[in-house]
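Just below is one structure, and these are the notes that go with it.
The values are calculated or read from the model by the stated rules, or taken from the named source; none is laboratory data. Keep in mind it's a predicted model, so treat the numbers as computed, not measured. No Cβ is skipped: glycine too gets one built from the backbone with ideal geometry, and neighbour counts run over all protein chains shown.
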Amino acid sequence: MTTLEIAQRVDAKGLSCPMPIVKTAQAMKALTTGQLLEVLATDPGSVKDFEAWAKSTGNPVVESGAEAGVYRFVLQHK
Amino acid sequence: MDDSISLVLFSGTDDRLQAAAVMTAGAAALGKTVHIFLQYWALDAFRADRIGLDHGLAPEAGPAGAAAVAAAAKAGQASWADTLRQAKDLGGVDIQACSLSMDVLHIEPSDLDPLVDGAEGVTAFYLNAGDSPIIFI
């Protein structure tokens, strides 16, 4: 599905708000500029939350999608 | 981002503490500084020997609400204490006990869970809160 090189993955499936974002913020701290973080989540609020988190923190969403109730986001460390 | 929010926690029921924990974790994930001031029943819930117990729900929950909250917990929703621990791992979260409430409830610093960073009076709280919005739960 993707040719992006993912540096780190977070499986936040089954976690309720705000845990997918909390796990993402924790994981992003360990990365450096330009590295990519992939997050999987099932929380329906995560679509708007990840957009908002990316906008607020400056770490952009470079790829996103949904399949079989699982949302996928690829974020890039600013 | 250098902005901050401040929360005054008064109620000690699990639903209100969960709401406060969610507000805290969301803010911490955005890089905000969060000042938390624990008063009365919220402070009581942070006693090391009680933090993991059932603290009940607000009266408006009713039986159906209580069942819904219990189902969410059973489905693996993180407790408010766990949510706060993860928020503190992100950094920028400071939890202070109200020194008056400590006196009223006969609580010593050693009685409190390590989530609590210290105790302060209301003047110190306002000084640390600065111009940040203050939320009372």
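Some observations on this one:
- Of residues in segment A:1-58 being assigned to a loop (DSSP other than H, G, I, E, B) and aliphatic (A, V, I, L, M), the one farthest from the chain's Cα centre (by Cα): A:MET1
- Meets criteria (within 14 Å of another protein chain (Cβ to nearest Cβ), touching a His at 6+ places or on another chain (Cβ under 8 Å) and buried (at least 19 other Cβ atoms within 10 Å of the Cβ)) for A:MET19: no
- Cβ pairs under 8 Å, 6+ apart, first in segment B:1-25 and away from chain A (no Cβ under 14 Å) and touching a residue at least 40 places away in the same chain (Cβ under 8 Å), second surrounded by fewer than 22 Cβ atoms within 10 Å (Cβ to Cβ) and acidic (Asp, Glu): B:GLY12/B:ASP44; B:ASP14/B:ASP54
Residues are listed down the side, and each one gets a yes or a no for (1) within 14 Å of another protein chain (Cβ to nearest Cβ); (2) part of a loop (DSSP other than H, G, I, E, B); (3) of a type in the set (Lys, Arg); (4) crowded, with 16+ Cβ neighbours inside 10 Å:
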residue: B:GLY65; (1), (2), (3), (4): no, no, no, no
residue: B:ASP82; (1), (2), (3), (4): yes, no, no, no
residue: B:ALA87; (1), (2), (3), (4): yes, no, no, yes
residue: B:LEU100; (1), (2), (3), (4): no, no, no, no
residue: B:VAL116; (1), (2), (3), (4): no, yes, no, yes
residue: B:PHE125; (1), (2), (3), (4): no, no, no, yes
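- Filtered residue count, segment B:26-53, keeping only those that are away from chain A (no Cβ under 14 Å) and assigned to a helix (DSSP H, G or I): 6
- Of all residues in segment B:93-137, exactly one satisfies the criterion of being closer than 13 Å to B:LEU9 by Cβ and hydroxyl-bearing (Ser, Thr, Tyr), namely B:SER101.
- Residues located in segment A:31-47, provided they are at pLDDT 95 or above and either in contact with a helix residue (DSSP H, G or I) (Cβ under 8 Å, 6 or more places away or on another chain) or exposed (fewer than 13 other Cβ atoms within 10 Å of the Cβ) (or both): A:THR32, A:THR33, A:GLY34, A:LEU37, A:VAL39, A:ALA41
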